[in-house]
Amino acid sequence: MRALVLHHDANSTLGLLGDLLVERGVEVEEHWICTEAASPVPAGPLPDLADVRPDLVVALGSRWSVYDTESIGPWIGDELALLRGAHETGTPVLGICFGAQALAAALGGEVRPGAAPDIGWSTVRSEHPEIGDGPWFQWHFDVFDPPPGASVLATSSMGCQAFQLGRSVGVQFHPELDGDLLRLWMDDDLDQLVS
């Protein structure tokens with residue numbers, strides 16, 4: 001089994017998810033869209049799904065906003081097309097934070113600024129044992145409405161926290177978080193904490 005992992009910047013690492021994939025014998029093919037933490041300039045084009053033939057696509061977090069095409073440029077449109085294409089061919093997609101927002105947007109949902117930043121451990125309500133009630137770790141400034149026809153799997157006071165549509169799942173929180181990843185974010189994104 002092969003997973004294509006989309007990293008949006010140097011701060012979007014697999015954390016605990018990498019260990020889980022390896023333990024399950026999943027071959028991980030990583031693609032770094034942007035290679036610097038603070039630069040939205042893409043390192044190159046996205047891979048072609050027909051060439052990679054993944055059994056799973058994972059889209060991780062990012063410091064940017066899905067709707068901010070002025071800052072991140074044309075690569076977000078290409079990513080939305082890739083996520084939509086994977087979903088339409090039945091390839092499971094897992095979106096985490098920015099990845100969930102991108103997945104929602106790719107499938108017809110809406111992404112917008114949240115009423116307030118959501119950083120830290122927060123309560124998430126879910127009746128699905130696969131997710132479980134929080135607390136789950138959050139680090140985001142945007143919220144999303146799930147795509148039409150999606151099942152909402154979890155919510156919080158900020159809105160939708162997880163959805164499923166077919167074989168695609170998006171989670172707003174960070175199940176991949178480990179100590180190294182949190183230290184990386186706290187070092188590289190200190191400006192977000194201060195503000």
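The values are calculated or read from the model by the stated rules, or taken from the named source; none is laboratory data. As the structure is a prediction and not an experimental result, all values here were calculated from the model. Note: ideal-geometry Cβ built from the backbone for every residue, glycine included; neighbour counts use all protein chains shown. Surface accessibility is based on the protein's heavy atoms, side chains included, excluding ligands, DNA and RNA. Shrake-Rupley method; radii C 1.70, N 1.55, O 1.52, S 1.80 Å.
For the stretch 88-103, a residue qualifies if it is open to solvent by 40 Å² or more (accessible area, probe 1.4 Å) and either in contact with a helix residue (DSSP H, G or I) (Cβ under 6 Å, 6 or more places away or on another chain) or among the β-branched types (V, I, T) (or both), and exactly one does: T89. Count of the stretch 137-159 residues, restricted to those that are closer than 19 Å to R63 by Cβ, open to solvent by 20 Å² or more (accessible area, probe 1.4 Å) and either out of contact with any helix residue (DSSP H, G or I) (no Cβ under 9 Å at 6 or more places or on another chain) or of a type in the set (A, V, I, L, M) (or both), is 1. Report whether or not T35 is open to solvent by 60 Å² or more (accessible area, probe 1.4 Å), of a type in the set (S, T, N, Q), touching an Asp or Glu at 6+ places or on another chain (Cβ under 8 Å) and touching a residue at least 12 places away in the same chain (Cβ under 8 Å). Spelling it out, T35 is indeed open to solvent by 60 Å² or more (accessible area, probe 1.4 Å), of a type in the set (S, T, N, Q), touching an Asp or Glu at 6+ places or on another chain (Cβ under 8 Å) and touching a residue at least 12 places away in the same chain (Cβ under 8 Å). Assess whether V143 counts as being part of a strand (DSSP E or B) and closer than 23 Å to T13 by Cα. For V143, the condition - part of a strand (DSSP E or B) and closer than 23 Å to T13 by Cα - is met. Taking the criterion of being free of Cβ contacts under 8 Å to residues at least 40 places away in the same chain, open to solvent by less than 10 Å² (accessible area, probe 1.4 Å) and under 24 Å from G159 (Cα atoms), would at least one residue in the stretch 57-73 satisfy it? Checked against the condition, which is being free of Cβ contacts under 8 Å to residues at least 40 places away in the same chain, open to solvent by less than 10 Å² (accessible area, probe 1.4 Å) and under 24 Å from G159 (Cα atoms), the stretch 57-73 yields no hits at all. Criterion applied to F163, F173, F141 was being out of contact with any Asp or Glu (no Cβ under 6 Å at 6 or more places or on another chain) and at pLDDT below 95, and the one residue passing it is F141.
When you scan the stretch 79-87, do you find a residue that is farther than 13 Å from V169 by Cα, among the charged types (D, E, K, R) and either open to solvent by 50 Å² or more (accessible area, probe 1.4 Å) or touching a Ser or Thr at 6+ places or on another chain (Cβ under 8 Å) (or both), even just one? No; the residues of the stretch 79-87 include none that is farther than 13 Å from V169 by Cα, among the charged types (D, E, K, R) and either open to solvent by 50 Å² or more (accessible area, probe 1.4 Å) or touching a Ser or Thr at 6+ places or on another chain (Cβ under 8 Å) (or both).
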